[in-house]
Amino acid sequence: MEAIFYFILFVALLFIGFYFKDDLRSSKRLKISRHVNGRYPFYFTPKKPVKWFDFTGLINSFRMVSLSADILSIIDKREVQTAMGKDKGNELTCNDFNTSEDEFWFDFIADTGDGFDSTTTVFYHVTRDSYSYSFKNPEHQNNQEETEITLKKGSALVVGGDLVYPVGSEANYRDRFKGPLRFVAPDTGKSGPVLIATPGNHDWYDGLSAFFRLMCQQGKIGNYRTVQNRSYFAYELRDHVHLFGIDNQLLGDIDIPQMTFFTDYVKKISEKNPKNHVILLIAEPYWYNYDINDRYKRKQRMDSLEYIIRTLTVAVKNLEAKNIISEIIFEVVLTGDIHHYANYKLEEDGEKFDNEVKHFITSGGGGAFGHVTDFLKEKITIPVLQNAKTTGLNYKLDEVYPSKEKSCKKVFWNLIFFIINYEFTTLMLLFSFISTYIFCSTDSIIKKLILFLLPSILSLIISKVTNHECSSKEKWISGMLRAVLFTCSFAIQLFILFLLPKYYGAKLEFLSDNTLQFLDIDGIKNFLGIFLVHKYFLFQWIVSGILQSALFGLYIFFGYFVFKLYVTEVSSAKVNKGNKNFLKFKITDTEIVIYVIAIKKAYKWMNLLKKKNAGSIQKEMLAKDPKRFVRDNFKPDPDNNVRIIDKITIKL
């Protein structure tokens with residue numbers, strides 16, 4: 001029976017050992033070339049994926065969420081950007097890299113800059129001059145044959161927020177964004193594509209300071225050239241097709257100077273064209289949790305999108321007083337933030353719906369951990385955004401990646417949350433040690449109060465990740481779940497620290513500290529001031545910590561599985577390096593075509609760098625056919641690993 005005690009002790013040491021092993025095995029600094037000729041060295045450190053449930057990840061989340069609210073309450077950097085100059089609007093089409101007069105191509109990624117392997121895999125495919133993808137057209141259901149479609153690199157790379165994780169900083173942008181991009185796409189010395197971006201919440205956590213230095217100084221990152229002057233933009237893609245990038249972080253609102261910028265832009269283009277089509281890039285998929293029945297009853301972040309579209313539509317309508325007849329149509333609303341692909345398509349047909357948003361697209365598969373998809377509703381109802389009427393439009397879920405079936409299976413990893421998130425378990429062991437030590441070394445009132453330490457910590461953690469803009473029903477459910485979490489956590493502490501030794505001590509003698517008498521355990525306890533009457537200190541400390549970690553995993557699993565809460569928590573509990581995606585847009589005078597590219601598995605670049613010199617890998621990438629390079633260096637077959645999973649055509 002003593003073997004059980006030794007096993008428990010071994011498990012605790014294993015958790016602690018793995019925690020510190022990751023810190024000791026940090027990646028080495030890498031030297032690459034900024035230029036294709038091997039000149040101009042650049043140094044950065046390839047990073048592993050962010051671990052959201054270790055001590056550093058939790059502290060960063062708490063600190064930055066609080067700090068970002070303070071930043072916005074003191075100064076909103078968007079309001080001072082008027083002093084930073086204004087884009088002309090033709091920066092994308094006037095780029096020398098764009099040689100076609102009949103079409104304009106641009107690539108879209110979002111939520112990149114996390115783990116080196118996954119980020120570099122996406123960057124590798126986005127930056128190839130051309131690549132042939134397998135595609136089975138779902139419209140031809142009877143034809144099982146696949147075709148190959150060759151797509152070229154876009155004249156612009158658009159990043160839809162969250163360029164780095166966990167927070168925007170000089171070091172993180174260097175290691176998690178600039179380094180991987182320069183590694184796969186060094187400067188050729190010739191005209192290259194344009195790089196533009198809107199900031200996400202993780203870019204905002206330092207008040208946008210590092211983002212401005214990265215994106216708003218008209219420099220070069222690899223073979224890509226930055227052109228924007230502000231954190232938001234409006235660019236012409238064709239004479240009557242435009243790309244708007246809105247910066248409505250962190251609270252989902254928009255500032256007056258930014259709204260004035262877009263209002264002036266739509267007035268200008270309305271004077272030129274009787275009809276303008278817009279691809280609108282925003283911060284988050286506000287339609288996921290939107291409830292049209294609560295419209296005007298409570299704040300929902302969809303209100304921000306509704307305000308933007310309605311204001312711009314009214315600005316164009318008001319031009320009729322000057323005998324300028326024009327209209328603006330928002331064809332696609334595009335976003336990242338949630339790390340999967342999902343396309344909600346307008347269900348209504350007919351000419352009277354031609355001016356409505358056709359697609360709400362989420363594509364946040366640029367490198368960060370993957371979000372599940374099985375929580376997505378098959379149908380959603382969105383109001384007519386151009387006016388204040390409560391009329392609803394129905395949108396159906398047309399395509400998702402990864403599939404709902406695969407996502408549902410991923411959720412069950414949370415049943416062993418305490419194992420796969422050993423960093424969190426180690427953190428719970430630390431707090432459990434403090435709680436158990438105080439309980440066993442004092443007879444004051446603190447001995448009873450310490451039972452509330454771990455329940456309070458778990459409640460604090462879960463309260464920081466709860467959506468505060470939810471409905472009354474969701475608030476009630478969330479409050480009840482947190483109460484259950486606190487009660488269960490307290491019950492564990494009460495049973496392990498108080499009831500177990502009092503009522504079951506005689507039966508559990510083999511779990512007592514006396515098992516380690518050969519280590520003079522009594523002498524150690526005397527030195528630490530632990531009363532010898534508490535014979536189960538080690539057992540209480542270890543089991544309490546592990547059970548609290550397991551309880552947290554079960555809690556987020558239950559909250560998601562039953563009520564579809566804690567989507568991000570169940571998704572980030574086990575980091576998925578695969579299932580990435582990005583988009584390629586083809587814009588002509590008559591249509592917008594969107595190709596959705598899925599990457600099943602990320603390539604193991606960090607392992608490759610252990611075998612080959614970074615400079616030689618760069619030369620090999622430039623010299624070889626993209627598929628040949630992948631086959632020579634990685635296991636996944638490029639034909640099956642990278643595919644077109646969806647093709648969207650919007651007639652103009």
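The values are calculated or read from the model by the stated rules, or taken from the named source; none is laboratory data. None of the values given here were measured: they were computed from a predicted structure. So basically every Cβ, Gly included, is an ideal-geometry build from the backbone, and we count neighbours across all protein chains shown. When the accessible area is computed, the model is the full protein with side chains, heavy atoms only, and any ligands, DNA or RNA have been set aside. Shrake-Rupley method; radii C 1.70, N 1.55, O 1.52, S 1.80 Å.
What the table below lists for this structure:
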| item | result |
| --- | --- |
| Approximate shape of region 212-295 as ellipsoid semi-axes (Cα gyration tensor, √5λ), whole Å, largest first | 24, 21, 13 |
| Stretch gain in nm, segment residue 129-residue 459, where the contour uses 0.36 nm per residue and the Cα spacing is subtracted | 113.8 nm |
| Region 581-645 versus region 155-200: alpha-carbon centroid distance in Å | 17 |
| Greater than 22 Å apart at Cα, pairs in 48/564; 48/624; 299/409; 47/577; 410/577; 48/377 | 48/564; 48/624; 299/409; 48/377 |
| Range of Cα positions in region 368-467 per principal axis (Å), largest first | 66, 35, 19 |
| Residues residue 430 and residue 239, FRET efficiency given R0 of 56 Å [Cβ-Cβ distance, rounded to 0.05] | 0.35 |
| Overall dimensions of region 578-652 by Cα: Rg and Dmax, Å | 16.0, 51 |
| Largest-first principal axis extents of the Cα set of region 494-558 (Å) | 44, 24, 19 |
| Per-residue [θ]222 nm for the chain (sum of -39500 (n - 2.57) over DSSP H runs n ≥ 4, rounded to 500) | -12000 deg cm²/dmol |
| Zero-based 10 Å bins, Cα pair distances in region 241-357, whole percents | 12, 41, 36, 10, 0 |
| When the convex hull of its Cα atoms is projected in every direction, mean area for region 441-512 (nm²) | 6.6 |
| Computed label-point distance, nm, for sites residue 11 and residue 631 using a 7 Å Cα→Cβ extension | 4.8 |
| Value of Rg/Rh across region 310-357 [Cα atoms, Kirkwood radius] | 1.11 |
| Heavy atoms of residue 147 accessible to a 1.4 Å probe, total area in Å² rounded to 10 | 70 |
| Cβ-based charge dipole, the chain, positive-most Cα from 41, 80, 226 | 41 |
| Net charge dipole size for the chain [Lys, Arg +1 and Asp, Glu -1 on Cβ; Debye, nearest 20] | 1520 |
| Cα-based equivalent ellipsoid of region 515-614: semi-axis lengths in Å, sorted from largest, via gyration tensor | 53, 24, 9 |
| Sparse-neighbour loop sites [GluC sites (Glu not before Pro); region 370-425; at most 12 other C-beta within 10 Å; DSSP] | 378 |
| For residue 237, residues with placed amide H under 5 Å, excluding near neighbours | 242, 243 |
| The chain: Cα Rg divided by the 2.2 N^0.38 Å rule of thumb | 1.06 |
| Distance in nm between pseudo-label sites at residue 475 and residue 353 (7 Å out along the Cβ direction from Cα) | 3.5 |
| Region 265-410 - share of DSSP beta bridges that are antiparallel (%, nearest 5) | 60 |
| Surface share of carbon and sulfur [accessible, 1.4 angstrom probe, percent] for the chain | 57 |
| Net charge dipole size for region 107-220 [Lys, Arg +1 and Asp, Glu -1 on Cβ; Debye, nearest 20] | 520 |
| Binned Cα-Cα distance frequencies in region 561-603 - 5 Å width, integer % | 5, 16, 14, 15, 14, 14, 10, 8, 4, 1 |
| Over the chain, relative contact order from alpha-carbon pairs under 8 Å, at least 6 apart, % | 17 |
| Positive-pole candidate from 540, 194, 165, dipole of the chain, charges at beta carbon | 540 |
| When each of 51/178; 152/190; 28/604; 86/358; 604/635; 574/601 is checked by Cα-Cα distance, pairs over 19 Å | 51/178; 86/358 |
| Theoretical gain in end-to-end length, residue 36 to residue 137 [0.36 nm per residue, Cα-Cα removed] | 32.6 nm |
| Sequence-separation-based contact order of region 162-293, relative, with Cα cut under 8 Å and 6+ spacing, percent | 22 |
| Segment residue 217-residue 147, length gained on full extension (0.36 nm per residue, minus Cα span) | 21.0 nm |
| Rounded to 5, percent antiparallel among DSSP beta bridges of the chain | 65 |
| Two-site label geometry, residue 296 and residue 507: point separation in nm, points 7 Å out along Cα→Cβ | 6.4 |
| Efficiency of FRET from Cβ geometry, residue 488 and residue 408, R₀ 22 Å, rounded to 0.05 | 0.30 |
| Accessible area per residue in Å² at 1.4 Å probe, computed on the chain | 43 |
| Percent breakdown of C-alpha pair distances by 10 Å bin, ordered from the shortest bin, for region 140-265 | 11, 37, 30, 15, 7, 1 |
